[in-house]
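The values are calculated or read from the model by the stated rules, or taken from the named source; none is laboratory data. Given the structure is predicted, the values throughout are model-derived calculations rather than measurements. Here Cβ is always computed from backbone atoms with ideal geometry, including for glycine, and neighbour counts include all displayed protein chains.
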Amino acid sequence: MALSYASVILILTISLGFYFYNSVRVAQEDRLRTILAARVVYFARLANKMYSMNDLQARPLLVANMLGAERDVLVFRRSSGETVIEVNPDHVELPRMRSEVSEGEQQVKHSQTTLANGTVVYWASITTKALEDGKSLLVLAGHPMTAEREMLGAYRDRAVWAIAVSVTLATLLGYALLKQGLRPIGGMARKAAEIHPGKLELRLDEKSAPIELRSLAAAFNAMLDRLANGYQRLSQFSADLAHEIRTPLGVLIGQTQVTLAKTRSVKEYQYLLESNLEELEHLNRLSENILFLARADHATQAIERKTIDMQRELRKVADYFEGLAAEQGLAFQVEAQGLAMVDPGLWRRAVGNLVVNAVRHGRADTTIYLRGHGNDQESSVEVENAGPEISVDELGRLFDRFYKVDRSRSTSTETHGLGLAIVQAIMKLHDGSATVDLPASGVIRFRLNFPHPSVREANQMEIKFL
């Protein structure tokens, strides 16, 4: 940044130096042309109105005094090419000039030549008529830019030194200011370097950060909050997963060790294998559920949407779980209408998990309500049942993996606490949402919202347009 700043300052100062140098040079040239034009007009008037050529030749001091102390050139030349008067102390080579003049013409002409040493000479000329005979007479005045050249050279040298000094000072000052201004970033970097999995609670101090960096600090802290939350969930998931796997593995190992302690009958071995098969099936379901959740998290699960009839599909779900519900003294009531654009298999799995949850935790002699509604924009499914009281804190964690409301480790491993997590993953694949609320005391209601693909694509196009 300091080098870029120095480059900008260098370019600006060089541009300004060139501009002022050129302005001085142009001003000198304009001033010199004005002086030379006034000079030739003045001498032309003298030769035409006041003095003849003989008078001017007889008064050389008059001409010299009129030129002043400058080592300029003044020439009076006849139309025949004869030079009447020539004041040229440095013997400057004269330009080729015409001395003919049209009737009534009296206009100053300018030109310039360059000497062998590189000095530029500016010339001004005018043609008039001599007083003594009325013949055309050329008056030529010239000025070598010797003194001006030396002055411009000195000005250029001073400008170069001024530019070098100013750029150096500006670079050092800019570097110091940038270093001071960027010091908070160094502090933020050191603070960020202290953060690791064991100290995820550390945050950047937004109030002490400069105004320009407060949004960055806020975004960084928000990212840390998300990472800390994800890390905590991952740690809890790992602990819960280890616990869920430890139980069936402990059963498998214990039963096998007991059986192998002595010789058993064929029937006892058969019983052991059946028991082990049941535990292995539980582990297999657990692994399949975890694999499904992993694929859903990374959006690698492809879904194929089809149109289904809400009333018919919910009726099928109720019929499928009717026997299980009857064992718990529960009944179903289906209220549905409309169509839905969903993946039929995943839709049935999500609704089935909610129904299993309602049957497992439902209060005896109550009704489980299955409601469905579909229109051109979205479809929704509600599963409502009466069950145990649930706190608001527990309500917000129902979709967490391995979370169980009673906090106890049930011996049943049908869902391993992943049923509602799978429901949420299915809704994520559909770009939908899963919510839960308590419409009344002791009543819990789950709601699944499935947006139609056309509506989702239209919203995405609108976002891109905005």
Just checking, how many residues over the range 429-443 are of a type outside the set (Ser, Thr, Tyr), closer than 17 Å to Gly396 by Cα and in contact with a helix residue (DSSP H, G or I) (Cβ under 8 Å, 6 or more places away or on another chain)?
-> 4
Do we have Ala222 as surrounded by fewer than 15 Cβ atoms within 10 Å (Cβ to Cβ), modelled with pLDDT of 85 or more and on the phi < 0 side of the Ramachandran plot here?
-> yes
In the range 177-218, which residues are loosely packed, with under 11 Cβ neighbours inside 10 Å and under 25 Å from Ser235 (Cα atoms)?
-> Ala193, Glu194, His196, Pro197, Gly198, Lys199, Glu201
What number of residues in the range 122-157 are within 59 Å of the chain's Cα centre (by Cα) and part of a strand (DSSP E or B)?
-> 1
Could you grab the pairs with beta carbons closer than 6 Å, sequence gap of 6+ or different chains, first residue in the range 428-442 and in the same structural domain as Ser379 (by TED's automatic domain parsing), second one among the basic types (Lys, Arg)?
-> Asp431/Arg456; Thr435/Arg447; Asp437/Arg445; Pro439/Arg445
Exclusive hit being at pLDDT below 90 and either crowded, with 21+ Cβ neighbours inside 10 Å or charged (D, E, K, R) (or both), set Glu382, Glu389 = Glu389
Can you work out which of the residues in the range 358-375 that are within 26 Å of Ile303 (Cβ to Cβ) and either small (Gly, Ala, Ser) or surrounded by fewer than 21 Cβ atoms within 10 Å (Cβ to Cβ) (or both) is farthest from the chain's Cα centre (by Cα)?
-> Ala358
Count, please, the residues in the range 325-347 that happen to be under 22 Å from Ala421 (Cα atoms), surrounded by fewer than 18 Cβ atoms within 10 Å (Cβ to Cβ), of a type outside the set (Gly, Ala, Ser) and out of contact with any strand residue (DSSP E or B) (no Cβ under 8 Å at 6 or more places or on another chain).
-> 0
